[in-house]
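Following: one structure in structure tokens, then a few remarks.
The values are calculated or read from the model by the stated rules, or taken from the named source; none is laboratory data. The structure presented is a predicted model; accordingly, all values stated were derived computationally and were not measured. Cβ coordinates were reconstructed from backbone atoms using ideal geometry, including for glycine residues, and neighbour counts include every protein chain displayed. In case anyone asks, the SASA skips ligands and DNA or RNA and just uses the protein heavy atoms, side chains included. Shrake-Rupley method; radii C 1.70, N 1.55, O 1.52, S 1.80 Å.
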Amino acid sequence: MRDVIRKSSNSWIVQPNLLNYDATCARFSWEEIRLELDGLPSGKGLNIAHEAVDRHVKGPKCDHLAIRWLGKDGKVLDFTYRNLKKHSNRFANVLGQLGINKGDRVFALAGRIPDLYITALGTLKNTSIFCPLFSAFGPEPLYQRLGRGDAKVVMTTEQLYKKKIAGLRDRLPQLQHVLLADVDEDMGDGVRSLPKLMSGASSEFTIPSTDPEDMAILHFTSGTTGMPKGAVHVHNAVLTHYITGKYVLDFHPEDIFWCTADPGWVTGSSYGIIAPLVHGITNIVDEADFDAERWYSILEKQKVSIWYTAPTAIRMLMRMNIKPTEKYDLSQLRLIHSVGEPLNPEAVIWGQRVLGLPIHDNWWQTETGGIMIANYPSVDIRPGSMGLPLPGIEAAIVHRLDENTVCVVKEPGVEGDLALKPGWPSMFREYLHDEKRYLKCFVGGWYITGDLAKCDADGYFWFVGRADDIIKTSGHMVGPFEVESALMEHPAVSEAGVIGKPDPVIGELVKAFVSLKQGVEPSDRLRLELLGFARKKLGSAVAPKEIQFIGNLPKTRSGKIMRRLLKARELGLPEGDLSTLETSE
Ligand code: ATP
Ligand code: MG
């Protein structure tokens, strides 16, 4: 294990909300957290959009900046909480006029444009279901999701509609309305101008009574391990968004927060829309894609104080020879968080060295709806560890005994299935149209996450790998993350993806695909050097036996390494569902 990064009160710029982890866990109750939120006026339940927007308009946050939108071309649009309330009310009224009711599915297929955020909030107000899609999906993945998700409405742009959805209309009979954010006139066949509808709609709206268990959001998983699943979330999930915003992301009233994830993925909606707004802080939205210099200048110019990003972006920044703190004034930045994939210890240390701040890894899934295991501002970091369970969350390592029973592993350091005790507010309530698969996730009173991990004597959880990616070699179980992290410690390596390749003698052979840092040329000499380097770090049982250089690793659009694709290609097998593959590989 790497050196621990110690946290002490003299290193805090702002006193963390969570000061004493153990004491907070001991007295935690979801009922009390609920009391920190508002609930709908006159006791008519709990609605995410009320907590995120309307409740602030009643108080001193009314004219606080809620969303600052940075356009690709330099345009900036500001929305206060008061503006957001009016726009989202109008959108809710538009839905009402179109006959869209509680439970109806409203999809958004757009880049990070302001209408996307208004659609999300207005849909939730109308108690319809918000379903975000990633704008780079092609027609077939869109058909899959719109069809399986029972889409009644799609908010999109003219170009995306014409290119991707128009041709699917015959196969999507339930899709009644297409709302185009960027046209001024209706186009017929249910294709309407959203600005026209919005300008004719009232900015007054009363959120109807909403049961906390009413379905609110439908989110498709990343498709890293196979066909994406549709995870259903309810309004009560806002309790998790709220408490993770408070304890993990550490929101304080004057914070300026930037979550770089696209709302097409769960991080981009739970934390790129909901959590910061529920806390009444300023949320930065950047329309453009990753660009190292642009990102650093956003951190500087927007005075971002809390930044939530992903390992893939961090590794891209690590690859470049930019000295950010020399070139940019990042003095406002006080916390960096990461999610989506294991964060290699090297990346945590890089943050400390190059940005002056360690990177706080946290773990969760589309299914969990919010952060479940995390590194907290007040708690020591063990680089490479996902951290400690959120107060209120019971996590464990379990071994499956049979189809219906598991045993909880008490001994530290033993690998097994990472499991969570069901019942937290943002837990998915179903996989849409796939009850069998949903029920299979729950065994012996635990939700089995599909990830393998271990827990150390102090309760820190360490990611081992996805159950599907685990390599069985010469009687050992090898998690790809361990091997990838070791390779990344070599100065020439930018990223690595590790798979098991069937081998008649040892079961599976560990093979690594390695992409090199800018300016480093692949060579046989370097390959041998890396094989030796890994052997020294990992021992010969775990170290890769084969290394292949690769320009870019295949990744999902949310930035996750698709090991199943590396493996399929290596073995000449069918590639499976590629709907979420990033095409720039
Ligand atoms: P699919 O379920 O369709 O294969 P996916 O699991 O990648 O896709 P998501 O729900 O977006 O879809 O991702 C959650 C998964 O991402 C987790 O189960 C875990 O494997 C991985 N993950 C997320 N955060 C971390 C982290 N901090 N450390 C390690 N793994 C992480
Ligand atoms: Mg998954």
Fill in the blank from the handout: Checked pairs for the stretch 535-557, first within 23 Å of Glu341 (Cα to Cα) and away from ligand 1 (no atom under 16 Å from the Cβ), second of a type in the set (Val, Ile, Thr) and at pLDDT 95 or above, C-beta under 6 Å and 6 or more apart or across chains, list as Pro544/Val510; Ile547/Val514; Phe549/Val514
Exercise for the section: Determine which member of the set Thr260, Thr206, Thr244, Thr267 is within 16 Å of ligand 1 (Cβ to nearest atom), at pLDDT 95 or above, open to solvent by 20 Å² or more (accessible area, probe 1.4 Å) and out of contact with any Cys (no Cβ under 9 Å at 6 or more places or on another chain). Expected result: Thr260
Practice task
Give the residues of the stretch 426-456 that are touching a residue at least 12 places away in the same chain (Cβ under 8 Å), over 25 Å from Lys410 (Cβ atoms) and not polar (S, T, N, Q), sorted by residue number.
Solution key: Phe428, Arg429, Glu430, Tyr431, Leu432, His433, Asp434, Arg437
Handout entry: Answer residue from the stretch 65-79, given it is among the basic types (Lys, Arg) and touching a residue at least 40 places away in the same chain (Cβ under 8 Å) and is farthest from Val304 (Cα to Cα) among those
Key = Lys72
Problem - Odd one out for Arg82 among (1) part of a strand (DSSP E or B); (2) more than 28 Å from Phe137 (Cα to Cα) - result: (1)
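Restricting the search to the stretch 405-423, which residues are closer than 19 Å to Gly479 by Cβ, part of a loop (DSSP other than H, G, I, E, B) and open to solvent by less than 60 Å² (accessible area, probe 1.4 Å)?
Of all residues in the stretch 405-423, those closer than 19 Å to Gly479 by Cβ come to 409, 411-419.
Imposing the further condition that a residue be part of a loop (DSSP other than H, G, I, E, B) reduces the set to 409, 411-415.
Those that are closer than 19 Å to Gly479 by Cβ, part of a loop (DSSP other than H, G, I, E, B) and open to solvent by less than 60 Å² (accessible area, probe 1.4 Å): Val409, Gly413, Val414.
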Problem - Elements of type strands (runs of 3 or more DSSP E) contained in the stretch 151-244, each with 1 or more residues being touching a residue at least 12 places away in the same chain (Cβ under 8 Å) and within 16 Å of ligand 2 (Cβ to nearest atom) - result: 215-220, 230-234
Completion exercise
Inside the stretch 165-174, the number of residues satisfying the requirement of being in contact with a Gly (Cβ under 8 Å, 6 or more places away or on another chain) and open to solvent by less than 20 Å² (accessible area, probe 1.4 Å) is 1
Exercise for the section: Hey, can you tell me all the residues within the stretch 430-469 that are outside any strand (DSSP E or B), more than 14 Å from ligand 2 (Cβ to nearest atom) and surrounded by fewer than 18 Cβ atoms within 10 Å (Cβ to Cβ)? Expected result: His433, Glu435, Lys436, Leu439, Gly444, Gly445, Asp456, Ala457, Asp458, Gly459
Practice task
Kindly check whether there is at least one residue in the stretch 29-40 that is surrounded by 17 or more Cβ atoms within 10 Å (Cβ to Cβ) and of a type in the set (Ser, Thr, Tyr).
Solution key: no
Exercise for the section: Please specify each residue of the stretch 441-479 satisfying the condition of being under 22 Å from Glu403 (Cβ atoms) and under 22 Å from the mean Cα position of the chain (by Cα). Expected result: Cys441, Tyr447, Ile448, Thr449, Gly450, Asp451, Leu452, Ala453, Arg466, Ala467, Asp468
Fill in the blank from the handout: Of the residues in the stretch 340-360, those that are open to solvent by 10 Å² or more (accessible area, probe 1.4 Å) and either within 15 Å of Gly559 (Cα to Cα) or within 8 Å of ligand 1 (Cβ to nearest atom) (or both) come to Gly340, Glu341, Pro342
Practice task
Report, by residue number, each residue of the stretch 88-109 that is in contact with a strand residue (DSSP E or B) (Cβ under 7 Å, 6 or more places away or on another chain) and surrounded by fewer than 24 Cβ atoms within 10 Å (Cβ to Cβ).
Solution key: Leu98, Ile100, Gly103, Asp104, Arg105
Fill in the blank from the handout: Per the filter on the stretch 521-541, residues open to solvent by 10 Å² or more (accessible area, probe 1.4 Å) and either of a type in the set (Asp, Glu) or modelled with pLDDT of 95 or more (or both) are Glu521, Pro522, Ser523, Asp524, Arg525, Leu526, Arg527, Leu528, Glu529, Leu531, Gly532, Phe533
Handout entry: Extreme residue, modelled with the highest pLDDT, among residues of the stretch 556-568 that are open to solvent by 30 Å² or more (accessible area, probe 1.4 Å) and touching a strand residue (DSSP E or B) at 6+ places or on another chain (Cβ under 8 Å)
Key = Lys567
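Do we find a residue being more than 12 Å from ligand 1 (Cβ to nearest atom), touching a Ser or Thr at 6+ places or on another chain (Cβ under 6 Å), more than 22 Å from Thr225 (Cβ to Cβ) and touching a residue at least 24 places away in the same chain (Cβ under 8 Å) anywhere in the stretch 406-414?
Checking the stretch 406-414: not a single residue is more than 12 Å from ligand 1 (Cβ to nearest atom), touching a Ser or Thr at 6+ places or on another chain (Cβ under 6 Å), more than 22 Å from Thr225 (Cβ to Cβ) and touching a residue at least 24 places away in the same chain (Cβ under 8 Å).
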Completion exercise
Of Phe107, Phe79, the only residue that is within 15 Å of Thr282 (Cα to Cα) and at pLDDT 95 or above is Phe79
Problem - Of all residues making up the stretch 543-572, the number that are of a type outside the set (D, E, K, R), assigned to a loop (DSSP other than H, G, I, E, B) and closer than 15 Å to Ala496 by Cα - result: 9
Handout entry: Unmet criterion (only one of (1) outside any strand (DSSP E or B); (2) at pLDDT 95 or above; (3) out of contact with any Lys or Arg (no Cβ under 6 Å at 6 or more places or on another chain)) for Ala49
Key = (3)
Exercise for the section: Evaluate the following for Asn10: is it modelled with pLDDT of 95 or more, open to solvent by 40 Å² or more (accessible area, probe 1.4 Å) and either part of a helix (DSSP H, G or I) or closer than 30 Å to Asn344 by Cα (or both)? Expected result: no
